[in-house]
1. Within region 142-217, which strands (runs of 3 or more DSSP E) (wholly inside it) include 3 or more residues that are farther than 30 Å from VAL308 by Cα and β-branched (Val, Ile, Thr)?
2. Counting just the residues of region 147-190 that are over 35 Å from the mean Cα position of the chain (by Cα) and of a type in the set (D, E, K, R), which one comes out surrounded by the most Cβ atoms within 10 Å (Cβ to Cβ)?
3. Return only the number of the condition from (1) β-branched (Val, Ile, Thr); (2) within 25 Å of ASP137 (Cα to Cα); (3) within 21 Å of the chain's Cα centre (by Cα) that ILE60 does not satisfy.
4. Of the conditions (1) within 31 Å of the chain's Cα centre (by Cα); (2) not in a loop (DSSP other than H, G, I, E, B), LEU339 clears all except one; give me its number.
5. Between LYS384, LYS353, LYS344, LYS422, which is surrounded by 13 or more Cβ atoms within 10 Å (Cβ to Cβ) and either touching a residue at least 12 places away in the same chain (Cβ under 8 Å) or at positive phi (or both)?
6. If TYR129 satisfies all but one of (1) of a type outside the set (A, V, I, L, M); (2) surrounded by 15 or more Cβ atoms within 10 Å (Cβ to Cβ); (3) within 24 Å of GLU20 (Cα to Cα), what's the number of the condition it fails?
7. Give region 1-54 a look and list any residue that's acidic (Asp, Glu) and either on the phi > 0 side of the Ramachandran plot or in the same structural domain as ILE68 (by TED's automatic domain parsing) (or both), or say none.
8. Starting from region 27-45, keep only residues that are closer than 17 Å to VAL90 by Cα and without any contact (Cβ under 8 Å) to a residue 24 or more places away in the chain, then list their pairs with residues that are surrounded by 13 or more Cβ atoms within 10 Å (Cβ to Cβ) and not aliphatic (A, V, I, L, M) whose Cβ atoms are within a distance under 6 Å, requiring at least 6 positions of separation or different chains.
Amino acid sequence: MDYSWQPFFPYNAILCRYSEIGTKGRNRFIFEERLRTDLQRRLAALGNLHFSNDRGRIFILPEAPKTIFTAADLALLRREIPLLAGLASVSPGFYVKPDIGGIEQVIDTHFPALYHAFQKCPHALPPTYAMHSRRSDKSFPMSCEEVEIHFATRLHQRFPDLTIDLQHAHLVIELEIRKNMAFISFERIEGPGGLPSGSAGRVLGLLSGGFDSPVACYQMLRRGCCMDFLTFHSSPFTPPATLTKVCALVRRLNDFQTSGKLLTINLLPAQKAIRDACFSRFRTVLYRRFMLRLAEYVAGYLRAQALVTGDNLGQVASQTLENLTVINAATSMLIIRPLITADKNDTMALAEKIGTWKLSSENVPDSCTVFAPPDPATRTNLKKILQQERLIPIDLLLKQCLETTSILNPNDYSQQIVATDKMIAYGCSSQK
């Protein structure tokens with residue numbers, strides 16, 4: 001929701017909500033602590049903060065001498081919260097004593113500014129209103145329904161044109177009443193949900209410049225994975241822009257985590273051998289099998305537990321059930337495909353939401369387009385593919401490709417060559 005029209009309020013607290021973490025049992029505190037650590041890191045610019053957990057909520061208060069959050073603080077909060085996996089939503093608000101008089105004072109003081117700011121918006125719609133209250137302190141003398149009726153009546157007396165709309169109100173007051181405090185807010189910033197970063201292990205994302213693989217990587221980041229990235233190029237048949245485009249995607253995806261590494265491998269030695277020795281209609285499947293073999297070495301080197309791809313069932317020739325089965329057989333690693341059943345329109349919408357759509361839409365060739373066959377097979381079987389692979393020196397080609405492996409800094413494009421013997425040693429260790 002767009003809150004840009006709202007006036008500045010001198011909020012003195014932040015309420016953080018999570019959903020899925022609340023379903024955890026005895027390990028719940030581990031997820032809460034990871035989320036708290038991420039919050040501290042993301043909100044470090046706000047200065048010293050006091051964190052407290054209370055019944056499925058995390059409250060953040062500024063520490064003295066600071067008593068309220070500034071407009072710049074709130075701008076940072078609105079920018080960072082949508083990037084922080086594990087959070088369902090966050091509200092800046094007022095932390096007061098849990099009595100009806102204190103709550104009335106906050107609403108009487110600040111709601112008129114909210115109302116008048118909305119009235120000045122160009123849409124000029126009749127304002128609708130809702131209060132959503134929660135009461136965990138059952139000793140409070142009013143029920144949630146009674147509190148909501150009380151304030152609806154009170155506000156309507158001052159602002160007669162207000163109408164109630166509990167589902168899609170323009171002006172919303174959220175109220176939480178707890179044992180030792182009450183919290184009032186006029187704003188809710190949506191988070192990505194999921195699980196905190198680092199709570200689900202390390203994975204390696206196979207990242208191209210297309211729309212699907214960045215979204216698939218985001219889905220895994222949202223599930224609490226730490227992620228490194230591997231991309232393939234076919235230099236000199238692919239231009240330098242192939243890698244700079246992927247760097248831009250990695251920079252964006254790293255906004256959702258503590259920065260992951262980007263590794264690059266030149267697939268051209270394998271592609272040339274496949275082009276010269278194998279049937280053209282099998283090239284795409286053979287390329288993909290080579291990519292997974294190489295990715296397994298890289299995953300071993302990085303201590304990643306699974307590979308992540310942007311495959312979508314039936315979307316292209318290599319993504320039929322038959323071809324995916326044959327491609328899978330090239331590695332013993334777990335392959336996670338978050339988009340396997342996704343509708344393309346949903347994927348594009350999510351790409352736009354997370355900020356990768358514009359980057360992916362740049363028309364830059366990648367490895368998949370090099371020596372692409374005009375008639376790719378849609379239903380291969382492992383026996384035929386193994387017969388084709390006997391025509392090429394797989395181990396030699398793997399070594400030649402691995403010799404091109406480098407760690408590419410997505411910020412300044414500097415490269416660090418990875419020693420092939422170290423890569424092979426780690427890869428072989430992971431395959432045992």
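1. Output list reads 171-177.
2. Among those that are over 35 Å from the mean Cα position of the chain (by Cα) and of a type in the set (D, E, K, R), it is GLU148.
3. Status for ILE60: all satisfied but (3).
4. With respect to (1) within 31 Å of the chain's Cα centre (by Cα); (2) not in a loop (DSSP other than H, G, I, E, B), LEU339 is out only on (2).
5. Result: LYS384 is the single residue among LYS384, LYS353, LYS344, LYS422 that is surrounded by 13 or more Cβ atoms within 10 Å (Cβ to Cβ) and either touching a residue at least 12 places away in the same chain (Cβ under 8 Å) or at positive phi (or both).
6. Tallying (1) of a type outside the set (A, V, I, L, M); (2) surrounded by 15 or more Cβ atoms within 10 Å (Cβ to Cβ); (3) within 24 Å of GLU20 (Cα to Cα), TYR129 fails exactly one: (3).
7. Going residue by residue through region 1-54, those that are acidic (Asp, Glu) are 2, 20, 32-33, 38, 54.
Selection gives GLU20, GLU32, GLU33, ASP38, ASP54.
8. Cβ pairs passing all conditions: ARG36/PHE51.
The values are calculated or read from the model by the stated rules, or taken from the named source; none is laboratory data. Bear in mind the structure is a predicted one, so any value in this text is a computation, not a measurement. All Cβ positions, even for glycine, are placed from backbone atoms using ideal geometry, and neighbour counts span all protein chains on display.
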